[in-house]
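Here the structure is laid out as structure tokens; the discussion comes afterwards.
The values are calculated or read from the model by the stated rules, or taken from the named source; none is laboratory data. Every value quoted in this text rests on a predicted model; they were computed, and no experiment measured them. Cβ: placed from backbone, ideal geometry, glycine included. Neighbour counts: every protein chain shown.
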Amino acid sequence: MYSGHKGHATGFFISEGLIWANYVTWQIAGHLRRDNYVEQARLNAGMGTTSSESDDFWRLVGVYTRSSGSGPDSYEDALRRDARNEFPSDPAAQDAWVAERLPTGNRAWNWTSAEAQENYRLTRQSSTRAFQRAKYSFALAILNRVASVIDIQMLHRKDQKEEQSAIDGPSLRILTDMTADGGGRLLVRSTF
């Protein structure tokens, strides 16, 4: 704006505002969807925990049908397989390892139906996508600033050329010179 090109600056300010509005919109959408999938887990999987759990925890809730018990859809069964790999000859260490990692109490879950679990997964994926799209706003903001700097440089060079052409524009110059023998010279110079 300092060089008098207010139209260019206004365009970049508006695009900056739109970029940050986009960021805020996707952040709000991500949080609303996160609240939604946490509520789905409470209603359909019997969980009593809050949304303060880690993203890995919520991913596991979507992957396994239940947190405890045996069978391929049980998180406890997966933990027991990992414990056997970690401590192949120590059943007590295996049990301690599983007990340390197994969600219990209000963190335990058991989905009422496969459809409810699938809806949970889809809502969680939608939330994750919203947060990822919010991150793209940072890249757009950087690109907007780079474009602004390039535009400023181009306008500055254009202004300098216009000033130089105004100085070097059409002119009439008269130069005089005295010679050693007392004579003189007159030079008339005109540029168009």
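The table for this structure:
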quantity	calculated
Residue in region 80-87 that is over 25 Å from Gln40 (Cβ atoms) and not in a helix (DSSP H, G or I) present	yes
Pairs where the first residue, in region 166-188, is loosely packed, with under 10 Cβ neighbours inside 10 Å and the second is modelled with pLDDT of 70 or more and not in a strand (DSSP E or B), C-beta under 7 Å, 6+ apart	Arg185/Thr179
Residue match in region 67-77 (condition: among the aromatic types (Phe, Trp, Tyr) and either farther than 16 Å from Phe131 by Cβ or touching a Cys at 6+ places or on another chain (Cβ under 9 Å) (or both))	yes
Restricting region 43-81 to residues that are surrounded by 15 or more Cβ atoms within 10 Å (Cβ to Cβ) and of a type in the set (D, E, K, R), the residue that is farthest from Arg124 (Cα to Cα)	Arg80
Selection within region 104-121 - over 16 Å from Gly48 (Cα atoms) and part of a loop (DSSP other than H, G, I, E, B)	Ser113
Failed criterion for Arg121 (all others in (1) at pLDDT 95 or above; (2) touching a helix residue (DSSP H, G or I) at 6+ places or on another chain (Cβ under 6 Å); (3) under 27 Å from Ala139 (Cβ atoms) hold)	(3)
Region 105-134 residues that are more than 26 Å from Val24 (Cβ to Cβ), paired with ones that are charged (D, E, K, R) and at pLDDT below 95 (beta carbon under 7 Å, 6 or more apart)	Trp109/Arg66; Asn110/Arg66; Trp111/Arg66
Filter result for the condition that a residue is small (Gly, Ala, Ser) and on the phi < 0 side of the Ramachandran plot, over Gly46, Gly62	Gly62
Meets criteria (over 30 Å from Gln40 (Cβ atoms) and free of Cβ contacts under 8 Å to residues at least 40 places away in the same chain) for Ala96	yes
Residues located in region 88-103, provided they are surrounded by 15 or more Cβ atoms within 10 Å (Cβ to Cβ) and either assigned to a helix (DSSP H, G or I) or in contact with a Pro (Cβ under 8 Å, 6 or more places away or on another chain) (or both)	Gln94, Trp97, Val98
Filter result for the condition that a residue is touching a residue at least 12 places away in the same chain (Cβ under 8 Å), part of a loop (DSSP other than H, G, I, E, B) and under 23 Å from the mean Cα position of the chain (by Cα), over Glu16, Glu53	Glu53
Arg81 vs. criteria farther than 20 Å from Ala130 by Cβ, out of contact with any Ser or Thr (no Cβ under 9 Å at 6 or more places or on another chain) and among the charged types (D, E, K, R)	yes
